[in-house]
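Below is one structure, written out as C-alpha cells; comments come after it.
FYI, it's all coordinate maths here, none of it is from the lab. All values derive from a computational prediction rather than experimental measurement. Because the Cβ atoms are built from the backbone with ideal geometry, glycine has one as well, and the counts that use them run over all protein chains shown.
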Amino acid sequence: MDNFIQLIYFLTALLFILGLRRMSSPATARSGVLWAGGAMVLATLATLLTPGMGNFALILVALVIGAVVAWIAAKRVQMTDMPQMVAIYNGMGGGAAAAIAAVELLGGEFSALGIKALAVLGALIGAVSFTGSGIAFAKLQGLMPGRPVQFPAQRVVNLVVLGLAILLGILLLPTQAGGLILVFFLAALAFGVLMTLPIGGGDMPVVISLYNAFTGLAVGFEGFAIGNPALIVAGTVVGAAGTLLTLLMARAMNRSLWSVLVGGFGVEQGGGEVTGSLKPIDLEDAAVMLGYASKVIFVPGYGMAVAQAQHKLRELADVLEGKGVEVKYAIHPVAGRMPGHMNVLLAEAGVPYEQLYDLEEINPEFPQADVAVVIGANDVVNPAARRPGSPLYGMPILDVDKAQNAIVIKRGQGKGFAGVENELFFAERTRMLYGDAQGVLGGLVQALKRL
C-alpha cells in the first residue's frame, strides 16, 4: 500500500507540473487547469488511503462543504472579481499550511530539529499569507479602502511585530509550550495584516502573486515536516512560479519588490505640471473618426472590466472590420488587477488570440494607427512615465500618444492608482469620450452602422 501511495504521489507531481506548463498558453490553459485539478483529486485519494488515517467522517464533511462552497463561488464570480477570488484562495492555502503546522507543533514529534524548524518557518509564512491575503481580498472587494492605510512609525511597528514572531519561532524549537505557540501565531497573523495595510490597490497584482508564492513555500515546508511528497512538490512548484511572476510583475511596473512592500504607492501625488486641456468628443464624431480609419488599436483597462464591456468591444471591432478597418488589441502586462486579466476577458468575448499583442509587439505600430481607443486604462498609457521626476518614471507604457489620434473612453476625470495626472488626456490629438464603457461602445456600434 505504501508503494502504491508513493506511485500516486509521483503521478500527482507529474500532472501538477504538466498542468502548470499548459497554463502558459491561452490555447491550452483550460486543459492545464483540468490536469492540475485531476492531480489534486489523486492527491486527496492517496491521503485518504494512507495507513493510520482516521476521522473519515470529519474529513468527508469538510470535503463536501469545501467542494459545494467552491463550486457555487466559482459559478457566480464575475471576471472582474477574479483577482479577489484568487487572493482569498491563496489565503486559504496559507491558512491550511499554518493549521497543519499548529497540529504538528502541538504534537511535538519531530525526527530532527531541522525538520521542526521547517515546520515553524512554514507556520510563519502560511499565517502571514492567510491574513495578508484576507486584507488584499477586502481591499479589492471594496470592504475596506483600497488606498494605502498608513499611521505614524508604521515601518517600525511592522519590524517589531515581525521580529517578535521570528524570536518566538526560535524559542519554539526546543519546546512545544502551548502558550508560546499561541502567541507566535498571533504575532505572525498580525504581521500579515500590518504588511498589507500600507499597500495600495494599484500594487495588488504584485501582492497577490507574492502571497501565492508564500502559500506555496509554506505548503512545501509543511510537506517536509510531515513527510508528504505531494505537498513538497506542489508547494515548491507554486512557490517558484509565484516568485517568478511577482518579480515579472514588479519589473513590468518598474518597481522594486521592496518599494511595493514598503507601501504608500497610490497616495494622491502631483507628478508635475500638466499643460493643455481636456477636449471632449461626442459619439457621432468619434464614430466618423473610427469608420474612416484604416487601422485602429484598442487599449483595454480595468474600466472595461468593471463595465463588463468586452462583448460590446468585440461587437465594435466586428463592425469596423466589416468596413475594412484593421483592428488590433494592445495588452499591458499589468492592465486590470492580475496578470492575464484583459486576455481572459477578451477571450470570453471571442476575440481571436492573434489580435492580442503585448507591449513590446504593439508599441512600434502606434505611429501607423489612425486611432488608438483607450477603454478604462490610465497609468499604463501615461506619457509621464517617460519624464524623470514623475512617480511613474521608467514604467513601461503603451505608446498611445504616438498614434495619429487617441480617443479615451472614461467615466470621469479621476486619476489612476498612482494618483498622477495623465498627460495623455491633455494631449493635442486626444479626445475624451465620457460615459460608461458598455454604453459608449454600444452607442459607437449604432453610430457606425448609420454611416
Checklist entry - Placing +1 at every Lys and Arg Cβ and -1 at every Asp and Glu Cβ, with all other atoms neutral, what dipole size does the chain have around its Cα centre, in debye to the nearest 20? => result 320
Item to check | Values of log10 I(q)/I(0), in the order q = 0.06, 0.09, 0.10, 0.14 Å⁻¹, for the chain under a Debye, Cα-only, solvent-free model | outcome: -0.31, -0.66, -0.79, -1.28
Checklist entry - Using +1 on the beta carbon of Lys and Arg, -1 on that of Asp and Glu, and nothing else charged, what's the dipole of segment 283-450 about the Cα centre, debye to 20? => result 380
Checklist entry - Tell me which lysines have Cα within less than 30 Å of residue 139's Cα, excluding those fewer than 8 residues away on the same chain? => result 75, 312, 410, 415
Item to check | Gained length - residue 428 relative to residue 73, 0.36 nm times residue gap less alpha-carbon distance | outcome: 123.2 nm
Checklist entry - To the nearest 10 degrees, how steeply does helix 113-141 sit against the main Cα axis of the chain, on a 0 to 90 scale? => result 30
Next on the checklist: Using Cβ counts within 10 Å as a stand-in for footprinting exposure, how do 361, 109 rank, fewest first?
Outcome noted: 109, 361
Next on the checklist: Could you work out the relative contact order of the chain? I mean the mean sequence separation of Cα pairs under 8 Å and 6+ apart, divided by the number of residues, in percent.
Outcome noted: 14
Next on the checklist: Which of rounded, prolate or oblate describes segment 47-131 when judged by the alpha-carbon gyration tensor and an a/c cut-off of 1.5?
Outcome noted: oblate
Next on the checklist: What would the Debye equation give as log₁₀ I(q)/I(0) for segment 77-262 at q = 0.11, 0.14, 0.16 Å⁻¹, counting only Cα atoms as equal point scatterers?
Outcome noted: -0.47, -0.75, -0.95
Checklist entry - At a Förster distance of 45 Å, what's the computed FRET efficiency of residue 53 paired with residue 150, Cβ-Cβ distance as r, to 0.05? => result 0.40
Checklist entry - Given that compact globular proteins tend to follow 2.2 N^0.38 Å, what is the ratio of the alpha-carbon Rg of segment 1-159 to that value? => result 1.26
Item to check | Residue among 217, 242, 80 farthest towards the positive dipole end of segment 77-262, charges placed on Cβ | outcome: 80
Next on the checklist: Which one, 439, 393, 330, projects farthest toward the positive side of the charge dipole computed for segment 303-449 from Cβ point charges (K/R +1, D/E -1)?
Outcome noted: 439
Checklist entry - Are there chymotrypsin sites (Phe, Trp or Tyr not before Pro) in segment 26-96 that DSSP marks as loop and that have at most 14 other Cβ atoms within 10 Å, and which are they? => result none
Checklist entry - Which whole-angstrom value gives the distance between the alpha carbon centres of segment 338-378 and segment 43-86? => result 36
Checklist entry - What is the distance in Å between the Cα centres of segment 382-400 and segment 180-203? => result 32
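Once the Cα gyration tensor of segment 283-450 is diagonalised, what are the square roots of 5 times its eigenvalues, in whole Å and ordered largest first, as equivalent ellipsoid semi-axes?
23, 17, 16
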